[in-house]
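Below: one structure, written as structure tokens.
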Amino acid sequence: MGIKLWINSDFLVKGCYSQALLQHLTIYTNIYLVIENLMTSSPLLNALAGKKSSRPPLWMMRQAGRYLAEYRAVRQSQSDFISFCLNSEKACEVTLQPIQRFDFDAAIIFSDILMIPWALDRNVHFIPGTGPKLTPWTIDIPLDNTLLDKISTRLAPIGKTVQLTRSKLAAEKALIGFAGAPWTVITYMIEGGSSRDFTDTRQWLWFHPKKFEALLDYVTEATIHFLVVQARAGADVLMLFDSWANAVPAERREQIVVAPIRRIIRALRKLGLKQPVIGFPKGIGEGIINYAEEAEIDALAIDHMTDAAWVNKILPKNMPVQGNLDPLSLLVGGSKMTKSIDHILDSFKDRPHIFNLGHGITPPTPICNVERMVQWVRKS
Ligand code: CP3
């Protein structure tokens with residue numbers, strides 16, 4: 001395209017053919033590169049690089065999942081959830097499904113935060129209707145460092161999924177790799193599954209602080225290995241889900257929520273891995289101020305319990321944010337949902353923003369409401 005636009009006949013008339021041609025071609029090449037860059041670069045990566053745009057890129061937490069009939073069809077063919085996550089072809093297929101259906105700006109690799117306990121031999125099972133079950137971690141279990149050395153090999157199939165998915169994804173769509181933040185993963189390990197109040201894990205903090213610290217270091221190291229696998233395989237962005245950060249006593253947040261994230265990011269940078277990292281410390285309220293300052297993340301994912309207008313006021317001006325529609329507003333849809341979307345768009349209009357939910361989409365969500373959300377955000 002366009003070469004005629006940039007070379008005119010002046011240089012021929014003036015008789016300085018070769019120099020002028022060279023100059024024009026250089027200008028042309030530079031402009032072409034800029035145009036090409038604008039055309040192929042990813043809106044999500046632009047937002048993470050701190051660029052504002054009139055319409056925010058969007059994707060949804062848990063976008064590959066049971067609310068999609070095409071996901072349920074593939075899921076049916078796999079009785080065991082872990083084997084499903086380790087099956088690169090099938091995992092790639094379901095990772096791409098929400099992009100094919102909604103044209104989101106990013107795909108998130110299909111895997112789970114509990115792949116780390118699985119790789120650490122914690123006997124992880126997903127029981128339909130009940131959730132995950134693990135052999136609970138007890139105080140007397142030794143920390144086996146030889147298992148850390150095996151993480152990259154055991155989780156290599158997820159690297160393969162990343163590679164395969166990246167090869168099938170359009171250039172402007174970003175691919176997100178992820179892990180659970182160490183605290184959230186540890187809650188599943190100690191409780192032996194999901195929990196409402198995390199009593200056993202929180203008791204460790206008071207009764208066995210040294211043992212807890214050692215376990216935190218151990219899981220943090222495992223998380224670094226897992227993210228390195230995904231980053232080296234071609235993930236463009238990394239996200240750390242701290243879904244149960246709300247359960248950490250406020251005065252322990254620095255040690256348990258913030259410091260492990262900083263350590264993970266520093267380790268990645270030391271290895272030369274430059275992928276932007278999104279942190280999601282769900283439910284920590286005013287704690288996001290310190291988290292944004294100290295965790296060394298590139299962007300902050302906001303839950304739906306935190307008001308977008310307040311977030312915009314208290315965060316550094318150019319810090320990219322992601323969020324934060326209540327996933328349950330997608331059950332009701334209509335003007336209740338669009339009003340809520342407008343509040344978010346309006347609050348974040350002057351900063352880099354990635355539109356998303358405040359937590360994962362739920363299985364009963366009607367597809368038409370997701371479609372409406374996408375249209376509404378894109379028309380803004
Ligand atoms: O699109 C995506 O986001 C797909 C990848 C993904 C899954 N889990 C697949 C999954 C991601 C990013 C996760 C993260 C995850 N897993 C978190 C952090 C985010 C959050 O929602 O807070 C947590 C806490 C888990 C742990 C987990 N995995 C639980 C508690 C459960 C059972 C409850 C449930 O939602 O079913 C899972 C299973 C799971 N992970 C499913 C999916 C699609 C559903 C299982 C199924 O299909 O049978």
Inset, instruction - Could you check LEU164 against (1) crowded, with 18+ Cβ neighbours inside 10 Å; (2) closer than 22 Å to VAL185 by Cα; (3) not acidic (Asp, Glu) and say which number it fails? - result: (2)
Inset, instruction - Consider ILE367 carefully, then state whether it is surrounded by 16 or more Cβ atoms within 10 Å (Cβ to Cβ) and within 16 Å of the ligand (Cβ to nearest atom). - result: no
Legend entry - Top-ranked residue of the stretch 231-258 - restricted to ones that are under 25 Å from HIS304 (Cβ atoms), touching a helix residue (DSSP H, G or I) at 6+ places or on another chain (Cβ under 6 Å) and part of a loop (DSSP other than H, G, I, E, B), ranked as nearest to the ligand (Cβ to nearest atom): SER243
Inset, instruction - Determine whether the stretch 100-112 contains at least one residue that is over 18 Å from SER83 (Cα atoms), of a type in the set (Lys, Arg) and either not in a loop (DSSP other than H, G, I, E, B) or not assigned by TED's automatic domain parsing to the domain that holds ASP80 (or both). - result: yes
Legend entry - Cross-chain or 6+ apart pairs with Cβ under 7 Å, the stretch 159-179 first and under 15 Å from PHE104 (Cα atoms), then among the charged types (D, E, K, R): LYS173/ASP105; ALA174/ASP105; ALA174/ASP236; LEU175/ARG166; LEU175/ASP236
Inset, instruction - Tally the residues that are more than 26 Å from ALA231 (Cβ to Cβ) and within 13 Å of the ligand (Cβ to nearest atom), restricting the search to the stretch 171-213. - result: 7
Inset, instruction - Report yes if PRO132 is at negative phi, in a loop (DSSP other than H, G, I, E, B) and at pLDDT 95 or above, otherwise no. - result: no
Inset, instruction - Please state which one of VAL374, VAL332 is more than 17 Å from ASP242 (Cα to Cα), touching a Phe, Trp or Tyr at 6+ places or on another chain (Cβ under 6 Å) and assigned by TED's automatic domain parsing to the domain that holds VAL229. - result: VAL374
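The values are calculated or read from the model by the stated rules, or taken from the named source; none is laboratory data. Model, not experiment: these values are computed from the prediction. Every residue, glycine as well, gets a Cβ built from its backbone with ideal geometry; the counts of neighbours run over all protein chains shown.
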